[in-house]
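Asks: One structure, pasted below without further comment.
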Amino acid sequence: MNDTAPVASAATAQSITITLDGTNRSMTIPLIPGTIGPSVADIRKLYGELGIFTYDPGYGGTAACESKITYIDGDEGILLHRGYPIEQLAEHSSFLEVAYLLMHGELPSQAELTEFTYNVSHHTMIHEQLRRVFEGFRRDAHPMAVMTGMVGAMSAFYHDSLDINDPRQREISAFRLIAKVPTIAAWAYKYSVGQPFTYPRNDLSYAENFLYMMNAVPVEPYKVNPVLAQAMNRIFILHADHEQNASTSTVRLSGSTGANPFACIAAGIASLWGPAHGGANEAVLKMLAEIGHVRNIPEYVEKAKDPKSNFRLMGFGHRVYKNYDPRAKIMQRTCREVLDELNIKDEPLLDLAMELEKIALHDDYFVKRKLYPNVDFYSGIILKAMGIPTSMFTVLFAVARTVGWISQWKEMIEDPSQRIGRPRQVYKGATQRDYVPMAGRG
Ligand code: ACO
């Protein structure tokens, strides 16, 4: 073959043609190119022209929107926010700078960051009456249940930012959500342990303030440990956004109906809670505790491989990453820093996690299926070392992801091509039949 001859490939093709077998009906489907990554087939006219839908349970091969926020190359283990690699952001940036980047598309100037930080920090308190809503929950409620309820309840308190068609109101609700979600999260914890709520401190960074609200009590001073604050900052950055995952798609789908942003983010929190998604960090710790000892690992690995068992190695596998999860690498390093700072020399759970990772990474089953540790595999161990209870792990994820959700929601509202989300189905039920009176049923 001549090296210089143009080769038609998925990267250069501009359309695909499909033909309904056995008929003379065919259609040309245009391809929409991305700036990077695969093109997508624009099937919007497919039903109109050929009378068929596409079938894609789990949406693994379906693009539901156009987005400029986050790019993932799962085969190469690449994660970019607005083009910037996650490794560089985790190393050099602060959570609020990343929040600005996600929302506005560019890194802020110093003046822009100062103004953005001011706007977020001046929304950190919650309506005093909302504080009393906490008391409606049982003390032993899971904090994700409290989060879902409290964030949903924000729509009952902030009526002046519910008009989704007003850009200024959208901006205010974004500030309110980014600023108040850490307060609600920390208070969900305080409520569960029966301690007084700690009010936010606007002189602290986003990560410092969260640790302060979680840990401070009125009877003694509390000084935030800078290494732990940096770890928290990194955990927040690593979880800030992740393209069209289940909870983000939930936020977009809810938002496509015109629902208010507080209701949409509450829906996202509910979706995040599941163990296949954000609930995995909590599930990893439970799994490690259940395994209990390095000698039991082979038994659990075998169970994870058994097609008859529902057991999976929590913190392993990802719908998109089929090489490695770049966030897991950063998390592993952060984990070491935190354990060193806290002088934890012998953390049995970490030893167990390391051994499990080693065995799984060399096991044919996991290698063949490209199952690597994901971000949740290490985050649980760091958070446990920091003294954060297991039930709060997914809550922390929700705190960080709120900015991703709100950026994606805002992008969707501002996209003129967006319509209400409404998938179709392949109907496999009974065909039309007549109602049978009770006496005639067999
Ligand atoms: N342990 C054992 N086997 C697994 C695991 C696992 N953790 N994950 C996937 N597999 C197997 C499946 O059984 C399947 O095997 P098969 O081909 O023989 O049937 C194959 O790998 C493909 O798995 P799918 O379920 O088709 O992959 P999918 O993309 O739908 O699921 C998911 C991805 C949900 C993350 C899955 O890997 C999983 O359940 N992992 C554990 C939970 C977890 O860690 N979730 C966190 C995700 S990251 C996040 O949300 C931040």
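Asks: When both residues are 6+ apart or on different chains and their Cβ atoms are under 6 Å apart, which pairs have a first residue that lies in the stretch 367-391 and is under 17 Å from Ala304 (Cβ atoms), and a second that is more than 10 Å from the ligand (Cβ to nearest atom) and assigned to a helix (DSSP H, G or I)?
Replies: Pro373/Glu357
Asks: Another one. Does Thr117 satisfy the condition of being polar (S, T, N, Q), closer than 27 Å to Glu208 by Cβ and in a helix (DSSP H, G or I)?
Replies: It is true that Thr117 is polar (S, T, N, Q), closer than 27 Å to Glu208 by Cβ and in a helix (DSSP H, G or I).
Asks: If you don't mind, there's one more thing I want to ask. Could you please let me know if Ala400 is part of a helix (DSSP H, G or I) and within 24 Å of Ser249 (Cα to Cα)?
Replies: It is true that Ala400 is part of a helix (DSSP H, G or I) and within 24 Å of Ser249 (Cα to Cα).
Asks: Select from the stretch 343-364 the residues that are touching a residue at least 60 places away in the same chain (Cβ under 8 Å) and either part of a helix (DSSP H, G or I) or hydrophobic (A, V, I, L, M, F, W, C) (or both) and list them in ascending order.
Replies: Result: Leu349, Leu352, Ala353, Glu355, Leu356, Ile359.
Asks: Turning to a different aspect of this structure: Return the total of residues in the stretch 243-260 being assigned to a loop (DSSP other than H, G, I, E, B) and within 12 Å of the ligand (Cβ to nearest atom).
Replies: 2
Asks: Would you mention how many residues in the stretch 284-303 are surrounded by fewer than 21 Cβ atoms within 10 Å (Cβ to Cβ), of a type in the set (A, V, I, L, M) and within 12 Å of the ligand (Cβ to nearest atom)?
Replies: 1
Asks: It is to be established whether one or more residues within the stretch 93-116 are within 16 Å of the ligand (Cβ to nearest atom) and either within 27 Å of Leu371 (Cβ to Cβ) or loosely packed, with under 11 Cβ neighbours inside 10 Å (or both).
Replies: no
Asks: Which residue is nearest to the chain's Cα centre (by Cα), if the candidates are limited to the stretch 365-389 and must be within 9 Å of the ligand (Cβ to nearest atom) and in a loop (DSSP other than H, G, I, E, B)?
Replies: Asn374
Asks: Go through (1) surrounded by 15 or more Cβ atoms within 10 Å (Cβ to Cβ); (2) more than 26 Å from Met412 (Cα to Cα) one by one and return the number of the condition Ala41 breaks.
Replies: Of everything listed in (1) surrounded by 15 or more Cβ atoms within 10 Å (Cβ to Cβ); (2) more than 26 Å from Met412 (Cα to Cα), Ala41 misses just condition (2).
Asks: Out of the residues in the stretch 304-327 that are among the small types (Gly, Ala, Ser) and either within 7 Å of the ligand (Cβ to nearest atom) or buried (at least 17 other Cβ atoms within 10 Å of the Cβ) (or both), which is nearest to Tyr71 (Cα to Cα)?
Replies: Gly317
Asks: Of the residues Ala276, Ala267, Ala263, which is part of a helix (DSSP H, G or I) and either within 16 Å of the chain's Cα centre (by Cα) or within 10 Å of the ligand (Cβ to nearest atom) (or both)?
Replies: The conditions single out Ala267.
Asks: Hey, can you tell me all the residues within the stretch 234-246 that are closer than 15 Å to Leu102 by Cβ and in contact with a helix residue (DSSP H, G or I) (Cβ under 6 Å, 6 or more places away or on another chain)?
Replies: Of everything in the stretch 234-246, those that are closer than 15 Å to Leu102 by Cβ and in contact with a helix residue (DSSP H, G or I) (Cβ under 6 Å, 6 or more places away or on another chain) turn out to be Phe236, Ile237, Leu238, His239, Ala240, Asp241.
Asks: Also: Kindly indicate the residue of the stretch 174-230 that is over 20 Å from Ser379 (Cα atoms) and among the β-branched types (Val, Ile, Thr) and also nearest to the chain's Cα centre (by Cα) among those meeting that condition.
Replies: Checked the stretch 174-230; the qualifying residue nearest to the chain's Cα centre (by Cα) is Ile178.
Residues are listed down the side, and each one gets a yes or a no for (1) more than 14 Å from the ligand (Cβ to nearest atom); (2) at pLDDT below 90; (3) not basic (Lys, Arg):
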site	(1), (2), (3)
Ala280	no, yes, yes
Ile330	no, no, yes
Thr334	yes, no, yes
Pro348	yes, yes, yes
Met354	yes, yes, yes
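Asks: If Asn2 satisfies every condition in (1) modelled with pLDDT of 95 or more; (2) out of contact with any Asp or Glu (no Cβ under 8 Å at 6 or more places or on another chain) but one, which is the exception?
Replies: (1)
Asks: Another question about this same structure. Restricting to the stretch 132-147, name every residue that is β-branched (Val, Ile, Thr) and over 10 Å from Ile184 (Cα atoms).
Replies: Val133
Asks: What's the number of the condition Met103 fails, among (1) assigned to a loop (DSSP other than H, G, I, E, B); (2) under 23 Å from the mean Cα position of the chain (by Cα)?
Replies: (1)
Asks: Go through the stretch 46-87 and give me each residue that's under 20 Å from His318 (Cβ atoms), of a type in the set (A, V, I, L, M) and in contact with a strand residue (DSSP E or B) (Cβ under 8 Å, 6 or more places away or on another chain).
Replies: Ala63, Ile69, Ile72, Ile78, Leu79, Leu80, Ile86
The values are calculated or read from the model by the stated rules, or taken from the named source; none is laboratory data. Here the structure is a predicted model, which means the values were calculated and not measured. Please note: Cβ atoms are built from the backbone with ideal geometry, for glycine as well, and neighbour counts cover all protein chains shown.
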